[in-house]
Each structure stands twice: as C-alpha cells, then as structure tokens.
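This report refers to the structure that appears directly beneath it.
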Amino acid sequence: MGNPPAEASEPPVVNVVGERVALGPLRRDLLAIYQRWFNDLQTLRTLGDVPRPLTLEEQAAQYDRIAAGSPSQVAFQIYDRASWQPIGTCALVDIDHRNGTAEFVIIIGERAYRGRGYGTEATRLALDYAFTALGLHNVMLKVYEFNLAGIRAYQKAGFKEFGRRRGARWMGGRRWDVIYMECLASEFTSPVLGDVFQPDHPRPGAA
C-alpha cells in the first residue's frame, strides 16, 4: 500500500486554493515521495510511462528539468487542504501560447485520496489556471479506455471525448483504445481565479 505521506509542519506555498485541494510549486524536499509514487505499478498503468524501476537520481533529474522553468510547461504540487499533505502532481504541458492550447496530465500518488473527488477538483483548478490566468482556449488530455475512474473524473471536471486511437495501449494482456478528451474556455466556469483576475475598483476620492 506504500508508506504514509510525510507530515507537513506548516502550510506550504500555494498558488490556487480550492475547497479541499490546493495547487502550489513542486518541492525538492518531496523527491523521495515523488520517487515512491512513480514506482507504484498500479499508478504507472494509467500513465504513458513504461513501468520500470525509477531511481532517486532519475527522479531528481526530472525535477531539475521542470524546476529550470519553461514557457511550454507549468507543473503543480497537489495538496489536501485539511492536512496540507502532498497527494499528487499535475501539469500543463506542450503549452502553445500563440494558439491557446495545452495538454493536461495528473497523478494522485497517495492511494487513500483516489476515488474521493480530489483529482476532479485538482483538474478543475488546473483548468482554471489554464483558462483564467494563462488565457488558453483548449486543453486536451489522453486517457486509456480501461481507466474508468479517470474518465469519470475528467468528465466531471469538464472534459469531453473528441476522438480515439483504437488499440493503441497494451495492458493486462489485451489492447485498449487511447481516448482523447478536451475542455474549452468557453465551456468552463471559473471556480476560483475568476474572482482573482479582476481589475481594481476605483476608490472614492482617489486621484
């Protein structure tokens, strides 16, 4: 079942705060936790990664690439607000600012938080950031046909299927479709950042 998440001594730095979930920057001090998540084969089966052992050095190298910063990628740490436990990560990748597009990826690494709505809320907060803060128009994702929980979560967050690549994923001795889903800014209502990204109101008597 994996080790319990590390206790948080104080609230971490966060960027987007929802009802039960908050998003903030990734943290180097969580590298061992990231490594544990990405060595969980039950988790990896729903991702595009080849299931294989991941060393702490490889995990650190991946972190360093993300931490270096890129205009085409934004990654978030996902926290449970009740305890400030790190429970997963999500990211917008392949961001095309000119055309307003990006791809979304997410992992809920702590098994105790799966299937309880945390992933759905984290997805909505990431979409809020994509549409409201970055001004993107279309965010897509890929999900495998067998990942029924993931499909339900994405649908609740606002994603709709727009196509399939048939039999393009092998898992459990058979082939499954890769499902492509998208969400448009025009079909999304901001849950948080719409109240943040507002112009200042003029103050009475101000020059």
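The H on the amide N of Arg164, modeled in the peptide plane, is under 5 Å from the matching H of Tyr180, each at least 5 residues off or on a different chain.
Rounded to the nearest 20 debye, what is the charge dipole size of region 16-141 about its Cα centre when +1 sits on each Lys and Arg Cβ and -1 on each Asp and Glu Cβ? Walk me through the numbers on the way to the answer.
Details: 13 positive and 14 negative charges, 55 e Å.
Roughly 260 debye for region 16-141.
Only sites in a loop by DSSP and with at most 13 other Cβ atoms within 10 Å count here; which trypsin sites (Lys or Arg not before Pro) in region 93-161 make the cut? Filter output for region 93-161: Arg98, Arg116.
Amide hydrogen proximity for Leu26: with H placed 1.01 Å from N in the peptide plane, the residues at 5 or more positions away or on another chain lying under 5 Å are Gln77. Karplus-derived 3J(HN,Hα) values for region 193-198, using 6.51 cos²θ - 1.76 cosθ + 1.60 with θ = phi - 60°, are 6, x, 8, 8, 8, 10 Hz; glycine and proline are entered as x. Summarised in one figure, the compactness ratio Rg/Rh of the chain, Cα atoms and Kirkwood Rh, is 0.99. Each residue of region 168-173 was assigned a 3J(HN,Hα) from its phi angle through the Karplus curve 6.51 cos²θ - 1.76 cosθ + 1.60 (θ = phi - 60°); the sequence is 8, 10, 9, 7, x, x Hz, with glycine and proline shown as x. Computed from backbone phi, the HN-Hα couplings of region 34-49 come to 4, 4, 4, 4, 8, 10, 7, 5, 5, 6, 5, 5, 8, 9, x, 6 Hz, rounded to whole numbers (Karplus: 6.51 cos²θ - 1.76 cosθ + 1.60, θ = phi - 60°; Gly and Pro given as x).
Tell me the chymotrypsin sites (Phe, Trp or Tyr not before Pro) within region 178-207 that lie in a loop according to DSSP and have at most 14 other beta-carbon atoms within 10 Å.
On the way: sites: Tyr180, Phe188, Phe197; in loops: Phe188, Phe197.
Within region 178-207, the qualifying chymotrypsin sites (Phe, Trp or Tyr not before Pro) (loop, at most 14 other Cβ atoms within 10 Å) are Phe197.
Bridge orientation summary for the chain: considering DSSP beta bridges with both residues in this region, about 90 percent are antiparallel. In the chain, the DSSP-assigned H stretches of four residues or longer account for a calculated mean residue ellipticity at 222 nm of -6000 deg cm²/dmol, using -39500 (n - 2.57) per stretch and the full residue count as denominator.
Computed over the chain with a Gaussian network model linking Cα atoms closer than 10 Å, the most mobile of Ala185, Ala75, Ala112 is Ala112. For Gly88, nonlocal amide neighbours, meaning residues 5 or more places apart or on other chains whose placed amide H falls under 5 Å from its own, are Ile78, Gly109.
Since every read-out is calculated from the coordinates, none of them should be taken as a lab result. This structure is a prediction, so every number in the text was calculated from the model and none was measured. When we count neighbours, we look across all protein chains shown, and the Cβ atoms used for this are built from the backbone with ideal geometry, even at glycine.
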